[in-house]
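Quick notes on the structure that follows.
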Amino acid sequence: MSRTVITAEGIGKAYRLGVQESRQDMREQIMTFLRTPLKRLRKFNEDWSDGEDTFWALKDVNFEVKEGEVVGIIGRNGAGKSTLLKVLSRITEPTEGEARMKGRVSSLLEVGTGFHPELTGRENIFLNGAILGMKRGEIKKKFDQIVDFSEVAKFLDTPVKRYSSGMYVRLAFAVAAHLEPEIMIVDEVLAVGDAAFQKKCLGKMGDVVKEGRTILFVSHSMDAVASLCGTVMVVNGGRCGPRVATDEGIKQYLGLVGDTSSLPLAEKPRTQHKKRAPIFTGLKMSNNVIPAGGGITFEVEISDLHEPGEMTCGLALYNERNQRVCLFHTLYNNNMTFRGGAKKILTCEIPSLPLTAGQYHVELVLSDGYHELERVDRADKFQIIYGDVLGTGKIPNHRQAAVILPCQWRE
């Protein structure tokens, strides 16, 4: 039976608004206390945790993680995810509660955490290994793998303060992944770096998972969370939800970040090239529930579009993991452009949608060929249910495929 290696009991973290946390070392704190003892004693005895100027970044967080589990922590920006990881990593002290970790812990948080800026890349590799409790011989065995993975060999003897953010995070990730800690805590590392490096990181994380190490993984990439994590916890407003299956957690997360389905289209959030009245003002669907392989028609209403020149419109569909699965575009599909006006209706008729069962949301994009004039990420949503699109009585589920395409097998 797997042992419990991470325990969070009643963790809470409060901040006083407008007051910075002290970053003094022990000697500086003692000297400051001796200079103003009465003031410090009053502040120490003051119960500020329930005051009006108190913000609770975390409140009553409880969970356990067993050895070898890979747990995703997801939530909106500002929900408290990074604060939780800092508490677990001993970077930040909790206001209340306790976190217990059993085993060597490697934390890869925001760029800048864990490396000494004045030391070279080479020196920081050995420093990080020593912090993890590894012997110099163990680090030397992994040294070449770390350098090869990070792709910073040319700058290995340069102080890391001169590294770009991409170089910094490549080296930091390489150290964290190769020095074999029992527990890895990773916060949005894939947000920095190019696409090739992100793919490389995901591959290495997959290898680490197979080795049976315990991982806490924070990311806004639902693809990464779905591919790596067995379960997830959704953090919202400083509180941590129960462990749930990854797909269920992703549904909860996407509901938190984008469920504006009750609003009229003209009132939904959007991004615009320049501030103006909404352009996309209406969207009608022929049906909100269709069988796999069934057809659907969208009517897109555009208002107050008086720019000169030719326009194009795109309608994209996203699945429950926020992956774009298809795009229907006036120019690509029909070689069609159009001019603006006070009001215009564009009709997009799709004869067949061979998508797996699940909920999909609609994104609308308007362009003039030079700029993206307006984008509405979640214009509406609809459901695809089972349909015998292949004529066999069976279709793949959403974990096996995104689309359902016919083929012929022979032996």
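Every read-out reported here was derived from the displayed coordinates using simple, explicitly stated rules and does not represent laboratory data. Keep in mind that this is a model prediction, so the values were computed, not measured. Glycine also receives a Cβ, built like all others from the backbone with ideal geometry; neighbour counts cover every protein chain displayed.
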Task: At R0 = 35 Å, FRET efficiency that the Cβ-Cβ distance of D304 and D388 yields, to 0.05 - done: 0.20
Task: From the coordinates shown, mean projected area of the Cα convex hull in nm² corresponds to which of (i) 19.3; (ii) 21.7; (iii) 28.6 - done: (iii)
TODO: Kindly express, to the nearest 10 degrees and within the range 0 to 90, the angle between helix 26-35's C-alpha long axis and the longest C-alpha principal axis of the chain.
DONE: 70 degrees
Open item on the list: Using only DSSP helix segments of four residues or longer, with each worth -39500 (n - 2.57), what per-residue ellipticity at 222 nm results for the chain after dividing by its residue count and rounding to 500?
Closed with: -8000 deg cm²/dmol
- [ ] For the chain, find the longest principal axis of its Cα atoms and tell me its angle to the long axis of helix 121-131, 0 to 90°, nearest 10.
- [x] 70 degrees
Open item on the list: How high is the relative contact order of the chain? Use alpha-carbon pairs under 8 Å, at least six apart in sequence, and give a whole percent.
Closed with: 14 percent
Task: Between helix 246-258 and the chain: long-axis angle, C-alpha atoms, 0 to 90°, nearest 10 - done: 80 degrees
Task: Long pairs among K142/K204; K81/K210; K154/K210; K284/K381; K13/K86; K66/K199, criterion Cα-Cα beyond 21 Å - done: K81/K210; K154/K210; K66/K199
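Relative contact order, percent, of segment 265-385 when contacts are C-alpha pairs under 8 Å separated by at least 6 residues?
Values: 283 pairs, mean separation 41.5, N = 121.
Relative contact order, segment 265-385: 34 percent.
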